[in-house]
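To start, the structure itself, in structure tokens.
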Amino acid sequence: MAVCIAVIAKENYPLYIRSIPAEQELKFHYTVHTSLDVVDEKVSAMGKALVDQRELYLGLLYPTEDYKVYGYVTNSKVKFVMVVDSSNTALRDNEIRSMFRKLHNSYTDVMCNPFYNPGDRIHSRAFDNMVTSMMVQVC
Amino acid sequence: MEPPEEPLRPVIYTMENKPIVTCAGDQNLFASVYPTLSQQLPREPMEWRRSYGRAPKMIHLESNFVQFKEELLPKEGNKALLTFPFLHIYWTECCDTEVYKATLKDDITKWQNVLKAHSSVDWLIVVVESDAKKKNKTNILPRTSIVDKIRNDFCNKQSDRCVVLCDPLKDSSRTQESWNAFLTKLRTLLLMSFTKNLGKFEDDMRTLREKRTEPGWSFCEYFMVQEELAFVFEMLQQFEDALVQYDELDALFSQYVVNFGAGDGANWLTFFCQSVKSWNGLILRKPIDMEKRELIQSQEATLLDLRSYLFSRQCTLLIFLQRPWEVSQRALELLHNCVQELKLLEVSVPPGALDCWVFLSCLEVLQRIEGCCDRAQIDSNISHTVGLWSYATEKLKSLGYLCGLVSENGPNSEDLNRTVDLLAGLGAERPETAKTAQSPYKKLKEALSSVEAFEKHYLDLSHATIEMYTSIGRIRSAKLVGKDLAEFYMRKKSPQKAEVYLQNALKNYVAEGWALPITHTRKQLAECQKHLGQIENYLQTSSLLASDTHLTEDERKHFCQEILNFANEQKESPGLKVVLSMHSFAQLKHLHFDPSNALVHVGGTLSIEITLLSQMPISVQVEQIAVSVHFSIEKNSYRKTAEWLTKHKTSNGIISFPNENSSVPFSRSSSPALELYEMYERSPSDNSLNTTGIICKNVHMLLRRQESSSSLEIPSGVTLEDGAHILKCSNVTLDPGVNKIIFRTQAKEPGTYTLRQMCTSVGQVQFVLPHIYPIVQYDVYSQDPQLKVEPLTDSLLAGIPQKVKFTVTTGYYTIKNGDSLQLSNADAMLILFHAENRAIIYSNTREKSSEASLMIQSSEKVTSVSLPMAPAYHMIEFELEVLSLPSTPTSGESDKLVNKEPQRKNKEKQKAGNCMVTLDQKVSIDCPWSIYSTIIALTFNIPFKATHSLLSAGKRKYIQVCVQNLSELGFQLSDSNLIDTGNSPDLQLVPLNTKCQKGNKARQEDPRELVGDAEPKNSIYIQHIYSKQSVFFVWELLWTKELPPSLHCHFSLDFYPASEDRSISLKPYSYEFQVENFFTLYNVKAEIFPPLGTEYCKTGSLCSLEVSITRLSDLLEVDKDEALTESDEYCTTKLMYEVVDNSSNWAVCGKSSGVISMPVTARATHKVHMEVMPLFAGYLPFPDVRLFKYLPHHSAHSTQLDADSWIENDNLSVDKNMDDQTDNSSQKSKSSSHSAASVEHKGLPMPRLQPFPSGQVFNSSTGMQILVIPSKDDHILEVSVT
């Protein structure tokens, strides 16, 4: 389904990033990092809207020839970026949204862990499994 | 003016198309009306209500009026909509019934029949009336009649199908009105026709679409049908609706492709899967690309053709709709989509063909948008177009790589062949763009033509893209494009140009902590720097890469080897030193001081163990690791004194350094650690602390702007400090991982040493840690030798052996063999020593280092303690027993001193409380390190306090000594002894203490023998005296001759601590006192007799008290005072007696006191009678009888009772209560004892009373009691229990 899932801290450093063709990891890192430009753009455009009306899902950040990059930003400005294969036309916006929601829930669980320091890299098996499930599903 | 017969052109220009309206009937008439009509028709909008719930629209109608021909009517099955006549109008201006009947009616009928044959119901008959014509005709019918006739004949129940237009060419209100009515009708009818016909068309179209699953259904055919609808909407200026048609087609096609990909292929789609042969890009300059449309129509279009055509139509419509930014967005989607679809459909595409197509398309779209927008609009919408720019750049780049235009040597023949093929696929340039200099076609062709041209175009594009990204704040994207550019430059062997892009990108990645991009970019940068010959930077980058865990082991080793190679190469030619930051090379983890409090004395060794985490993948031989140390002296600070430091600097000696992990970047990556120092400012006059604070020494580093901070790759701040103090460690091998390095240093100057920098040298390469933080310091101190003597217990007790601890702090002095402490012996303090005295030697940190036996030699004056050898900065501790002698009976002189001094002190201290008497003993000690003697004062407490009292029994005398133990210890007492120091032979002191000892008398003769007396111990009676308790000793005084007026006594007592063995002989405790006037002069005897005739005394009845005072001796020395009156040999003295009953048992009736004259001869007796009344029943003690010397007034020096009290006492009466009496008596006794002053105040010569010393008067009736029985009538029995 997703080929790369990344959680990026408010300060734009990666908290978690995983991609499935491991050989292309570097490329995905570049892609996700570049996508932060659009996230920033969208977030700053959204900043004017009322906080409670704010939509967390940012939609398609930008398409590339091979991939589509979707974004999601939590209220604490932690960004989720998901890269999906362009050929995977079965994925609709709604599915992407629900995937993000799942990711957000799992991330919240990670944050609830008293042994987790906010701002540290995420090393959670539960989170890992969830990400894996989102990556494997279709592929 | 358009001629009515307009030919149908094969090329469709929808914009110029208008709905067709045919005109039949009078063509000349129409021609005359046409200008007004065509002008007026679109003037007013009309509401178009739509079917299928689509929103109604206001629409301006225009029409293309053509002459009616039967061929115009669509045949059955013809789906063309553009050529469809929506309305048929018949024009006539006939007003003549005859004419109507003759020709017009037939004509209309014929027209109607043709229409009916084609089942066209949209028609209108216009009757034009003109006044001019009417006038000419005479037999004209009323106007209405013709219209009525027509309506009657043709408009079967559709009377609105016939309208009248009055004088259309005149300018009158009537004409205007008539025109308006006509136009409204025309518009309504046109719209009705649209609705009906389009509805029908749409229905047909849907039916066709529903058949799409049937075999033989052709997308292209359907495409043409739906496009027809789009054309009509476009014709009606309904671009939105037109666009919807194309979007539907787009979606339908996309869905088919997706389904095909999913295995559900439609037959017709296979046609689109033919391999791509032409990739000439989008063409957006024409509204309709007829070329492509025909291909579609003839079902020859490829996928790219179809997509191109579809998009060109969408683009046209979007531009009509003023939505150019949507064009760019859709274009990007389209391009991505096409690439995907071709992949999905497995269409074979020559390499590079798609890149060409995409590149051309991007530029075409961009140029198209530029063509319809002004500069400002474009600039403010860069975010919409930049994607296309970037995409084009990317594609050109890949084309460049593909065609060998990026390589250093230029394209080879294979590359050239490929280029030729690619160019062939482009075909010839389109005529539309042929004249444009910058057409995409020309650009691509030029770019592929030569290496130089490619470079120019590629750089242009890249720079434009970077600039655009930067201007809209997409820094990361800009950096990524920049990195591509850098790669290009590297391929072109211009590393100097690449470097800046790489640096910028890297800075960004580092700032945001993206490890993989960092590693990758750094690798590129390393290569770049290597080419540039930036040795220092290259080595720094290499060291970073060598420590980068994201690289493979081999890569890391390679970079590490690069550094080592350089380091070794340069060994032969010294001079060039490369200074690199250490943090990538190794990390400082811990630092461990030994001694752990980081405190060392001058000359001492300090070792610092450093834990370095080497991040190199291989072992590195390091020539030297040096830590530069900053030295500061704070001489005046109390904090730096040796005592303070040894006590207060407590730590485990381990300092941990924060983990400088670069993976989590923010704040840490950019700003250096705070360097904080304590600051004390002292007043210059008295050295008191004025201010204190914390200073940050690297403010300049922390507060500078982030942007301007130097690149992270080149730590420019790395400078080597030149410190005089450097800790070094040579030839160390740093293995990957944790290494421990130990520095040893000999402390030299006292002060504080701060570790500042660490420098690791590998050949000519030095890795420098510019700041060691947190601050690491060690202190060096120097200390003077010291001797301290303190008791082991809280206080020392005199008289028993007590331990005293000697502490020698050697400081800088080394105790050599033969060094000794010379203690000058104090007279009253002995230093006792045993065979084995042991000294323990500690290091300054209180660690026991050795033990040695102590040699003590004592001579007459000096006790010498030879110290064991001890190094500097150590402590020697040993204990000596000292004995302070409470009294030394060796010499008479000192005896008195020792004894009387404490007694004096005793008096002073006794007032404050029951304290022990103290003795200060001073010992002067000569230490080997000093020419001056140290004087040590030890204070001893005397554990005992003795008091004495004289007791009498008639003439017999006893001496009682009370010994009180004030200390906390219990003692054993023995050998109590009292001697008369006067040594009078007539005197004997007979001890009445339990177990008298034989030979006591003999020993009295020579008390000195007491010391060292070898008396068998078992015969000595041992008495215990516990803490805070008293023991009494009594002796009877016997004499043979007359007694001396005073007696000097010496009391001595042996004592030992109860807990200890009596093995040591100790000096006895001694007490010296004097007893005076102890001889009994008078005997006072009181007797109470019951009233005469009764046996017992009764309460309330008077009894007689007889006091008899008897002189026991003849005239003695003591009697010689003022009271004595001598006449011849007969001496008398005046005495005063007083009967006092302190317990209110008796009421003394009459005079209670009186003065008597007493003859000074033995057995002279004076009797006094008085009456007393018992107040209570029971055994009552006798009232006290007191006797005083009554001194005549002439002496002002003696004490004297003052007159008032004297008189008061006289009036002592029964009714005085007991309390008053006690008060009185106590006052009296007080005043009698010290009332010298009051007499002088009175100034009156008064007789005085002087009490007798206690031994001179013996009251023989003391303690006697008499039974008093209650009187008979007394019913109250008072019982008091005490």
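Could you list all residues from segment B:948-990 that are surrounded by 15 or more Cβ atoms within 10 Å (Cβ to Cβ), acidic (Asp, Glu) and modelled with pLDDT under 80?
B:975
Could you check, for segment B:791-805, whether at least one of its residues is part of a strand (DSSP E or B) and under 30 Å from residue B:657 (Cβ atoms)?
There is no residue in segment B:791-805 that is part of a strand (DSSP E or B) and under 30 Å from residue B:657 (Cβ atoms).
Give segment B:324-346 a look and list any residue that's surrounded by fewer than 22 Cβ atoms within 10 Å (Cβ to Cβ), away from every other protein chain (no Cβ under 14 Å) and in contact (Cβ under 8 Å) with a residue 24 or more places away in the chain, or say none.
Across segment B:324-346, the qualifying residue is only B:325.
Are there any pairs, at least 6 apart or on different chains, whose C-beta atoms fall under 6 Å, with the first in segment B:840-858 and over 24 Å from residue B:594 (Cβ atoms) and the second open to solvent by 70 Å² or more (accessible area, probe 1.4 Å) and outside any loop (DSSP other than H, G, I, E, B), and if so, which?
B:853/B:838
Among B:257, B:232, which is farther than 21 Å from residue B:345 by Cβ and assigned to a helix (DSSP H, G or I)?
B:232
Scan segment B:229-245 for residues that are surrounded by fewer than 20 Cβ atoms within 10 Å (Cβ to Cβ) and under 19 Å from residue B:85 (Cα atoms) and jot them down.
The answer is B:237, B:238.
From the list B:558, B:583, B:550, B:592, which residue is open to solvent by 20 Å² or more (accessible area, probe 1.4 Å), within 26 Å of residue B:759 (Cα to Cα) and assigned to a loop (DSSP other than H, G, I, E, B)?
Only one candidate qualifies: B:583.
Collect the residues in segment A:72-91 that are more than 19 Å from residue B:332 (Cα to Cα) and either modelled with pLDDT of 85 or more or open to solvent by 60 Å² or more (accessible area, probe 1.4 Å) (or both), keeping them in residue-number order.
A:72, A:73, A:74, A:75, A:76, A:77, A:78, A:79, A:80, A:81, A:82, A:90
Please specify each residue of segment B:206-229 satisfying the condition of being farther than 21 Å from residue B:289 by Cβ and not in a helix (DSSP H, G or I).
B:214, B:215, B:216, B:217 - these are the residues of segment B:206-229 that are farther than 21 Å from residue B:289 by Cβ and not in a helix (DSSP H, G or I).
Does segment A:55-69 include one or more residues that are basic (Lys, Arg) and not in a strand (DSSP E or B)?
Scanning segment A:55-69 turns up no residue that is basic (Lys, Arg) and not in a strand (DSSP E or B).
Enumerate the pairs (first residue in segment A:10-21 and more than 10 Å from chain B (Cβ to nearest Cβ); second residue anywhere and in a loop (DSSP other than H, G, I, E, B) and at pLDDT below 90) with beta-carbon separation below 8 Å, excluding pairs fewer than 6 apart on the same chain, so at least 6 apart or on different chains.
Final answer for the pair search is A:16/A:121; A:20/A:139.
Are any residues in segment B:802-830 farther than 16 Å from residue B:925 by Cα and of a type in the set (Lys, Arg), and if so, which ones?
Once the filter is applied, which keeps residues that are farther than 16 Å from residue B:925 by Cα and of a type in the set (Lys, Arg), segment B:802-830 yields B:803, B:816.
Among the candidates B:536, B:455, single out the residue that is surrounded by fewer than 21 Cβ atoms within 10 Å (Cβ to Cβ), away from chain A (no Cβ under 14 Å), in contact with a strand residue (DSSP E or B) (Cβ under 7 Å, 6 or more places away or on another chain) and outside any loop (DSSP other than H, G, I, E, B).
So the residue among B:536, B:455 that is surrounded by fewer than 21 Cβ atoms within 10 Å (Cβ to Cβ), away from chain A (no Cβ under 14 Å), in contact with a strand residue (DSSP E or B) (Cβ under 7 Å, 6 or more places away or on another chain) and outside any loop (DSSP other than H, G, I, E, B) is B:536.
What number goes with the only condition from (1) outside any loop (DSSP other than H, G, I, E, B); (2) within 14 Å of chain A (Cβ to nearest Cβ); (3) not basic (Lys, Arg) that residue B:296 does not pass?
Residue B:296 satisfies all of (1) outside any loop (DSSP other than H, G, I, E, B); (2) within 14 Å of chain A (Cβ to nearest Cβ); (3) not basic (Lys, Arg) except (2).
Being open to solvent by 10 Å² or more (accessible area, probe 1.4 Å), more than 10 Å from chain B (Cβ to nearest Cβ) and modelled with pLDDT of 90 or more: is that true of residue A:30 here?
So residue A:30 does not fit the description; no.
Suppose we filter segment B:1128-1169 for residues that are of a type in the set (Phe, Trp, Tyr) and within 16 Å of residue B:1252 (Cβ to Cβ); how many remain?
Residues flagged as of a type in the set (Phe, Trp, Tyr) and within 16 Å of residue B:1252 (Cβ to Cβ) within segment B:1128-1169 amount to 1.
Out of everything in segment B:1069-1088 that is open to solvent by 40 Å² or more (accessible area, probe 1.4 Å) and at pLDDT 85 or above, what residue ends up being nearest to residue B:951 (Cα to Cα)?
Across segment B:1069-1088, the extreme among qualifying residues is B:1085.
Filter segment B:459-503 down to residues that are under 42 Å from the mean Cα position of the chain (by Cα), polar (S, T, N, Q) and within 14 Å of chain A (Cβ to nearest Cβ) and give me whichever is surrounded by the fewest Cβ atoms within 10 Å (Cβ to Cβ).
B:471
Of the numbered conditions (1) assigned to a loop (DSSP other than H, G, I, E, B); (2) at pLDDT 90 or above; (3) within 12 Å of chain B (Cβ to nearest Cβ), residue A:36 fails exactly one; give the number of that condition.
(1)
Take segment B:167-191 and flag every residue that is over 21 Å from residue B:87 (Cα atoms) and open to solvent by less than 50 Å² (accessible area, probe 1.4 Å).
If the condition is that a residue be over 21 Å from residue B:87 (Cα atoms) and open to solvent by less than 50 Å² (accessible area, probe 1.4 Å), then B:167, B:172, B:175 are the ones that fit.
Just one of the numbered conditions (1) open to solvent by less than 20 Å² (accessible area, probe 1.4 Å); (2) hydrophobic (A, V, I, L, M, F, W, C); (3) touching a Cys at 6+ places or on another chain (Cβ under 6 Å); (4) under 17 Å from residue B:378 (Cα atoms) is not true of residue B:318; which one?
(3)
Take segment B:343-383 and flag every residue that is farther than 22 Å from residue B:309 by Cα and not β-branched (Val, Ile, Thr).
If the condition is that a residue be farther than 22 Å from residue B:309 by Cα and not β-branched (Val, Ile, Thr), then B:351, B:373, B:374, B:375, B:376, B:377, B:379, B:380, B:381, B:383 are the ones that fit.
The values are calculated or read from the model by the stated rules, or taken from the named source; none is laboratory data. Remember, predicted model here, so these are calculated numbers, not experimental data. Positions of Cβ are backbone-derived with ideal geometry, glycine not excepted, and every protein chain shown enters the neighbour counts. The accessibility values were calculated without ligands, DNA or RNA, using every heavy atom of the protein model including side chains. Shrake-Rupley method; radii C 1.70, N 1.55, O 1.52, S 1.80 Å.
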